[in-house]
Structure formats: structure tokens, C-alpha cells
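Throughout, read-outs are computed from the coordinates displayed, never taken from laboratory work. These numbers were taken from a predicted model, which means no experiment stands behind them. Cβ sites come from the backbone with ideal geometry, for glycine too, and all protein chains shown count toward neighbours.
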Amino acid sequence: MNGKKIFTELLRMVCLLAAVSLVAFLLITNAPIDPLVSYVGTNSTLSPEAKEEIAEYWGLKESLPKRFLTWAGHALQGDLGTSITYKKPVAQVIGERFSYSFVLMLAAWILSSFLGFFLGIVCGLYQEGIFDRCIKVFCLILKSAPTFWIGLLLLSLFAVKLGWFPIGMAAPIGKLSSEVALGDRIYHLILPVLTLTLVSISETTLYTRQKLVEILSSDFILYARARGENRRQLVFRHILKNVALPAITVQFSSFSELFGGMALAENVFAYPGIGTAITAAALNGDVPLLLGIAVFSGLFVFSGNLIANILYGVLDPRIREGEAL
Amino acid sequence: MKKENILKVEDLTVSFSRYQKGFHKTSLEVIHSLSLEVNSGEIVAVVGSSGSGKSLLAHAVLQLLPQNAKTKGEILYRGNSLGEKQSRKLLGREISFIPQSVDYLDPLMRVGAQVQGVYGTKERQQMLFQQFGLAQDTQQKYPFQLSGGMARRVLISAALMENAKLMIADEPTPGLSVDLAMDTLKYFRNVADQGAGVLLITHDIDLALQVADRIAVFYAGTILELAPTEDFVKGGQALRHPYSRAFMSALPQNEFQPLAGSQPYAGNLPKGCLFAQRCSLCDEQCKSEDAALMRQVAGGKVRCIHAIDQDRNREIGNRHQAMAGI
């Protein structure tokens, strides 16, 4: 990573964020949402004059470009406005909520990466065996099933029928937040994490398997075998590295799917993260929060791709040492 | 030194199963009843145009064919049957392989470690690199950083890591300058002179003429003629098969006369002689089953029923003359 590259990446990020916020802004202003009504409620007793005054004060009468620029100007100074739903600054809401979502996504991401990679390797090595066939069918089913449906299935089985896990939320109902122990939090995380893991694992498994099959039929494996390497040596000397390299980057660039899956899983389990905040914001016509989350999700997905790019350059000698040539 | 039989391939047939239209499974025979011997101290060149299945022969001997390949016939290494199990102990130790290109190296592994492989030592690798004029920092490089000539030398040093008894080289010289190609051939000669057998697979007949003791002409998945190199140097009537003669006269330094047509596709082979469609000597007999059999003619082997033993004819002729003179 040299200076020029960092600069181009930054430029790309700025362009992306500008584009995301503009599109989100246009969508929201064209949606049948009246920020004023969202704020005061449909049956408020406020006089029309007072409403006019608020609209004037908020700048709702201005032209669209001017409204966007006002919002963007404030956003650049770190002020994303105040959430109508939570009556708190948007940045603060996102910060609090994201800490919950982050734990959920991180756990699911790590689990699905490692488990998926491992399953993919085993499937690829024992291609067309009984284990491979079972896992493949399992993955295809998971891949075609909607996230919320998997969440509901797990919920009805483990929480309702068996009663092993709580049916939702991030902590026991009726406890003060100061009394909530780490164990409680983990206990409440298990089902959402399991849902999200199941949703993302098939992609990783199938990808790893496919890569492995490709590599097994490659010339360099044939040569390694011709030089007397046994199966174990093939796996540890050549296969793992050659499969892991693309798999790692795919894992990082899959942040967008992870984010989407998280939003759905959180809603099923009423888990108080960004996902439930999006739904609440949309239902309440909470324009500042919606815009804030849109920009934030853009930033999140971008950073995943950025890490993937950087890692590829660090891990792949063809890029790392090719630059020096 | 007493000659020892290193590699003996007997009646080898390789076929691939594949799916055709829908789920109909057919098998495609790519190598047909091929027999070949390599003795110690000897370089045997298998020469043929591209697409004739030469590399598959190498892979079959190494027991590295893909899973959908079926083999029949026998491969013997120093008198013992060579199967997948036996080859595992021999590959990389007694049998070494020089692949076609740098693509056969792991792109993510440093060259030094790859040349050492699982049996070699660092000392030996460094010694070989020095011998082949590869700078010591070459071992820290990745395959993509090698030039064509460097890659070739790297692959050859890898083959020399162990004192192999059988060396199989698949197109070892393309991309090399004439000097380097000649150097490479000298190494093969050295290896052979030290008592190993070398199976050299190439499309380059010039190369074979330079270095081989015997040459096998490969066509449409089998060997049409196997004869001492001198016969190929003499050319013309010294050769037994019309294809070998055509092959030799197609060379720029000879008549430079191309042969019309192309070799038949493995899925659509003629009955009897495989070369019949392009042969000027072809007649009805050539379509019979035994036209394709290998027969011994004048110190060589050939698959042609019209092949005549020049020496023997002359001898018979002389005898006739002598008798007439009485």
C-alpha cells in the first residue's frame, strides 16, 4: 500500500458515500413520508400556523438540492440530525445499536468463515463422497432459503418447542441493564448468531469446495504428486494456501450479504441492533435515522472490500512482489 | 555396465469415460496397445505431433492419470509391476519427472522450497542451482518471477534432486535458446550415462535425433515405429513406416514436404491401420485387424504390413544372384 493507492482508495470511498447519500436522499424525499407528520404525529393538536413555522425552521420549503446540501453540510461536521424514533442524535443511536450488531455479525462471520472453509476443504478432498453429497445438498437448501424463514424455524424449534433459548431480545426482560451479565448476553446471542451463520455458511463452503476442486486438477498438484508428495503433504504444502487466499478475500467482500442477513435475523429475534433500528426508522418515517444508517452501511461494506483489497496485496506474492518489478 | 531394463510398458491402453448427449456414458480410447522399453544408460525419445496423447503416456507411467481414466496392460519398473501403490514409494525418489512449463510449480510457494520438495535437502538444491547458473537469490523467488529459461533450469534441477533411475521429461526444451537446449540435452545424456533410463517426450524430432538412442514415432495414441536413431538419421528406406518417412521428409533440412491430412480423432479411429487414410501404400489388407499389430522388422518395430526388411531383401537377392552365377 503506497501513498498513491491510499489516495485512490480514499477518493473511491468519498465518491461512494456521496453517491449512497444522494440516492438515499432522493428515495426518501420521493417516498410518501412527511417528516413533519412523522414528528408531531397524525392526530396532533398543533395549529396549521405552528406546523408552517416548524416546516420553515426545518427548511422543508427549500428546493431539493438545497435541502440535500444542508443535510450533507451538517453530516460532514458529524451532525446527522436527531432520530425521531429514539429522540437521540442519529450518530449516538447508530453507535449504540451497532455495538450489538457488531458482536452478532462478528461471531457469525468468524463461525461461518472457519466452519465453511473447513467443510469446503473436506468436501473438495472427498469429492462425490457421501459426506460431500450431504453437505452440498444442505448448502443448496440453505442458500435458497430466506433468512427470516430460517430464523423463524430455529425460533420455533429451539425457543418455543424445546425452550432451550430465549425467544428474543438481547437481555432478559425485566432486568436493569446494569444487572445484565455477560452470560445473559451470550445466551441471547446464540440463536441469532446461529441463524446468521447458517445463512452465510453455504456461500463459503461451496466456494471453498469449488476452488479446491479446481486446484486439485491443476498442473502444479499433478507435479507435486509426481515428486512423491502424499495427500497430507499436498494439503498442507499447497492446497490450504492456494484455497485460503481467494477465500479470505471473498469473506471480506461478503460484508454486504452479512449486513443484509443481520437486518433480517435481528428482526426475527427482536435483537436491538442496527437491523431492528432500520425497520423502526422506516415504519416511523424517521428520515434522519434512515439516511444515517444508509450512509453507515455504505461505509461498512466499503471497509470490507477495502480490507479484502489490502489483504490480497499483502498475502499474494504475485501482487506483493509483483509491484516491485 | 550391464544393461538393465528400467521401464517396460506392455500393451498399454488408456481410455477416458465421459458423458455424451444426455447421460449416455461412452469411453474414449486415447492410447492403444502401446509397448515400449527403456533400458539403463539409454535415452528413448517419443516423438509425435501435438494432440497425439504423448503427455498422457507420461502421466500413465507416473500413475497420475485423472480418476475417470482406465488403463489396461502392464507397466514394469525394473522388472516389478508399477501400480499406484508402488509408484508412491518411487515417485520423487527413483522416478523423476520434468514437466512442460512453469505452470507446474505452485504459484504461492518459493522456488527453493519447491525444488527441494519433500525428499531433497537445501545443500543439494543450492549446489544444483549453482551448477545450472541460477543465482542464489533464485530460491527466494516465486515462480511468476522466473524467466522461461530460468524456469526450465529450475524444473531440471528439481528432477536431479534425487539420483533417479528413471527420468521422464515432457517437452523439456521449448522456449529455450539453442545453447540452453543443447545444455539441457547434455544433462540428459549425463543422467543416462550414469546408468539411468530417460524417456524423452517431445514434438521436436531434431532434438530427438541429437540425443536419443532410440526413437519411437507416436501417432494417434500409439507407436507406429520404434527404431534406433541411426535409421532416422539415414531416413528414407532405412525407416519402416510410411509415416516415419513422411515425418522425416517434412523437416526443413530434408525435402520440407508436408503430409496432407491430419491424424484421426481418438473417438473416430479407422479400423486396422491408423495411418491408412493418409498413406499412399494403403490397400484392402490395411483395413484388417492385424494390420495394426506391431511387428519386428530389421532391428526395429513397426505397425505396417507393407514394411519390408531392406537388408534381408538384399541378402535374399544376393543369394539368388549367387545361385544364378553357379
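Taking the Cα centre of chain A as origin and assigning +1 to Lys and Arg Cβ atoms and -1 to Asp and Glu Cβ atoms, the resulting dipole is close to 1160 debye. Placing unit charges on the Cβ atoms of the charged side chains and taking the dipole of the protein assembly as shown about its Cα centre, the candidate lying farthest along the positive direction among A:236, B:135, A:54 is A:236. Taking amide H as placed 1.01 Å from N in the peptide plane, the amide H of residue B:197 sits under 5 Å from that of B:41, B:166, B:167, each at least 5 places away or on another chain.
Using a cut-off of 16 Å between alpha-carbon atoms, which aspartates and glutamates can reach residue A:88, once sequence neighbours fewer than 8 places away in the same chain are excluded? Filter leaves A:79, A:96, A:286.
Share of antiparallel DSSP beta bridges in the protein assembly as shown, in percent to the nearest 5? Each step should come with its number before you reach the end.
Details: 34 of 53 bridges.
Roughly 65 percent of the beta bridges in the protein assembly as shown run antiparallel, per DSSP.
For residue B:265, the shell of other residues with beta-carbons less than 15 Å away shows a net charge of +2, using +1 for Lys and Arg and -1 for Asp and Glu. For region A:23-113, the list of trypsin sites (Lys or Arg not before Pro) that fall in a loop by DSSP and count at most 16 other C-beta atoms within 10 angstrom reads A:61, A:87.
Computed on chain A, the Cα convex hull volume stands at 187 Å³ per residue. Maximal additional length on extending the residue B:285-residue B:118 stretch stands at 54.7 nm, based on 0.36 nm per residue less the C-alpha distance.
Database remark: amide H of residue B:219 closer than 5 angstrom to the amide H of B:224 (H placed geometrically; neighbours at sequence offset of 5 or more, or on other chains; Pro and chain starts carry no H). Between B:262, B:87, B:244, find the one with the highest GNM mean-square fluctuation for chain B; connect C-alpha pairs within less than 10 Å. So, out of B:262, B:87, B:244, the one fluctuating most is B:262. With Cα atoms as the point set, the protein assembly as shown shows a radius of gyration and Dmax of 36.3, 145 Å.
Exposure proxy ranking for A:271, A:187, A:207, A:126, based on other Cβ atoms within 10 angstrom of each Cβ and starting from the fewest, stands as A:126, A:187, A:207, A:271. Put in line by how crowded their Cβ is, counting other Cβ atoms within 10 Å and starting with the fewest, B:290, B:213, B:106 read B:290, B:213, B:106. Let me know the longest stretch in chain B that avoids all chymotrypsin sites (Phe, Trp or Tyr not before Pro) found in a DSSP loop with at most 11 other C-beta atoms within 10 Å. Between exposed loop sites, the widest span is B:24-255. Of the residues B:156, B:269, B:71, the one whose Cα sits farthest towards the positive end of the charge dipole of chain B is B:71 (charges of +1 on Lys and Arg Cβ, -1 on Asp and Glu Cβ, taken about the Cα centre). Considering only A:17, A:76, A:7, the residue lying farthest towards the positive end of the dipole of region A:3-76 is A:7, judged by Cα position with unit charges set on Cβ.
Reducing region B:248-269 and region A:151-205 to their Cα centroids gives an inter-centroid distance of 72 Å. Net charge within 14 Å of residue B:60 by Cβ-Cβ distance, Lys/Arg positive one each and Asp/Glu negative one each, not counting residue B:60 itself? Neighbour charge sum, excluding residue B:60 itself: -1. Charge dipole (Cα centre; +1 on Lys/Arg Cβ, -1 on Asp/Glu Cβ; no other charges) of region A:3-76 amounts to roughly 580 debye. Under a model in which nothing but the beta-carbon of Lys, Arg (+1) and Asp, Glu (-1) is charged, region A:194-240 shows a dipole of about 240 debye around its Cα centre. What value, in deg cm²/dmol to 500, does the helix sum -39500 (n - 2.57) over DSSP H runs of n ≥ 4 give at 222 nm once divided by the residues of chain B? Value at 222 nm, helices only, nearest 500: -8500 deg cm²/dmol.
For the residue pairs A:241/B:141; B:8/B:54; A:211/B:89; B:25/B:72; A:211/B:70; A:241/B:54, alpha carbon separations beyond 21 Å are given by A:211/B:89; A:211/B:70; A:241/B:54. Adding -39500 (n - 2.57) for every DSSP H run of four residues or longer, then dividing by how many residues chain A holds, sets the calculated 222 nm ellipticity at -24000 deg cm²/dmol.
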